[in-house]
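Everything below concerns the one structure shown next.
The values are calculated or read from the model by the stated rules, or taken from the named source; none is laboratory data. Because the structure is predicted, anything quoted here is derived from the model rather than measured. Cβ placement follows ideal geometry from the backbone for every residue including glycine, while neighbour counts extend to all protein chains displayed. The accessibility values were calculated without ligands, DNA or RNA, using every heavy atom of the protein model including side chains. Shrake-Rupley method; radii C 1.70, N 1.55, O 1.52, S 1.80 Å.
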Amino acid sequence: MTKKWMYGLLAGVMVLSMAGCGNRESQNQTAGTTVESQLEESEPVSEPVLEDQEETTQETGTDAMETEEQETSSENTETAGSQDPVQDPESDTLIAYFSWSGNTEALAGMIAEETGGTLFQIEPAEPYTDDYDALLDQAQEEQAEDARPALAADVENWDDYQVIFVGYPNWWGDVPMLINTFLEAHDFTGKTVIPFCTHGSGGFGNSLSSIESGTQGAELLDGFEVAGSSVDSARSEVTEWIASLGLTQ
Ligand SMILES: Cc1cc2nc3c(=O)[nH]c(=O)nc-3n(C[C@H](O)[C@H](O)[C@H](O)COP(=O)(O)O)c2cc1C
């Protein structure tokens, strides 16, 4: 616990010093940069996790669920193959995401609205704890063990999808290990892969390396990252990003 509080303090100083420009600047850079340069800008794996910030993030996620826009997004959050009016039945775009506290899910909903793609929620066979502190420890252990938690379900008709968005929260500077399970369970040869991520302040961290190595044979396009606390105001940036990829429905 002492360590976590130290991390919290350190990250608090970092966040205060970056307040008002850090996250937004980072987002703008992301929209216009290549995957390679995003990798170069990655932060260290052992970056601190700010508990206070996470609480804010989760509150924001909860609050966001109460807004009309977020309700729309969450209505769109169906698993692959579901009937959703936003989804274009002809679309070859899949938006696969994992989300623990709702931020990445809200972002995935926006991407679905922009692209007409099909949402697929990546879920663990054994649900993660609801306890934030316990989750921090569990996620760190999974990373240390290079674990591959089992998936609850698989994508139907994988071969029908050409463009695959892969979304996740930054967990300890990398993808949650469940994302590695998902990547290794699928053949990405010839597909187009686009990562997206929400975070406390660490951007993609080192996660793009994991995405790159887990999607061999795919073309990797520019991703999008946003602080979890800013997801609900990121819609116009999402619209611009999707347009820049030529994927607006
Ligand atoms: C286990 C765990 C580890 C985290 N590690 C980081 C981190 O290293 N860097 C960071 O910026 N945010 C970190 N966060 C914050 C999340 O990335 C952020 O709150 C994200 O928006 C949560 O997305 P979700 O609501 O889709 O689960 C962590 C959160 C959790 C639960």
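Could you say whether any residue in the range 135-145 is crowded, with 16+ Cβ neighbours inside 10 Å and in a loop (DSSP other than H, G, I, E, B)? Working first, answer last.
Step one: of the range 135-145, the residues crowded, with 16+ Cβ neighbours inside 10 Å are 135-136, 138-139, 142-143.
From what is left, the residues that are in a loop (DSSP other than H, G, I, E, B) are none.
No, the conditions are met nowhere in the range 135-145.
If we scan the range 92-111, do we find a residue that is open to solvent by less than 20 Å² (accessible area, probe 1.4 Å) and either among the acidic types (Asp, Glu) or on the phi > 0 side of the Ramachandran plot (or both)? Looking through the range 92-111, at least one residue is open to solvent by less than 20 Å² (accessible area, probe 1.4 Å) and either among the acidic types (Asp, Glu) or on the phi > 0 side of the Ramachandran plot (or both).
Specify the residue that is nearest to the chain's Cα centre (by Cα); the eligible residues are those in the range 155-202 that are small (Gly, Ala, Ser) and away from the ligand (no atom under 16 Å from the Cβ). Give the steps one after another, and end with the answer.
Here is the first cut: in the range 155-202, the ones small (Gly, Ala, Ser) are 167, 173, 185, 190, 200-202.
Now restrict to residues that are away from the ligand (no atom under 16 Å from the Cβ): 185, 190.
Details: Ala185: 18, Gly190: 22 Å.
Among those that are small (Gly, Ala, Ser) and away from the ligand (no atom under 16 Å from the Cβ), it is Ala185.
Evaluated against (1) over 29 Å from Asp222 (Cβ atoms); (2) touching a helix residue (DSSP H, G or I) at 6+ places or on another chain (Cβ under 9 Å), Gln143 falls short on exactly one condition, (1).
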